[in-house]
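First comes the structure, then the notes that go with it.
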Amino acid sequence: MPAMRLRIHRNQPAIRICGTLLGIGFVLLGLFSLLGAGAHEAEIIRERATGFGVTAIVVGIIAVLCSLLVEDLSDVWCRSPRRWK
């Protein structure tokens, strides 16, 4: 079985940069949620903040990886409008 090569694509730079920045924003929001959760006394608030933080970090990592590694981003970030036939 041939080895799968991951390649960072450089076409569509505006969409790739915006998608990467969006992913980094999600990661930062998740880290802020995780680190700020310890300040609350109520356990339910800490639990919800931790769950949201982990989810935001996972989504951010997926967004960054998709923005850099997917060859055609037309169906990932923005779908072209359908043409009249």
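Listing for the model above:
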| read-out | value |
| --- | --- |
| Label zone at L28, where the point sits 7 Å out along the Cα-to-Cβ direction: region 48-68 residues whose backbone N lies under 15 Å | 57, 60-61, 64 |
| HN-Hα J in Hz across region 30-37 - Karplus 6.51, -1.76, 1.60, θ = phi - 60°, x for Gly and Pro | x, 5, 4, 5, 5, 6, x, 6 |
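Quick note: the coordinates plus some simple rules give every number you see, no bench work behind them. Note that the structure is predicted; figures quoted are calculated from it, not measured. Cβ coordinates were reconstructed from backbone atoms using ideal geometry, including for glycine residues, and neighbour counts include every protein chain displayed.
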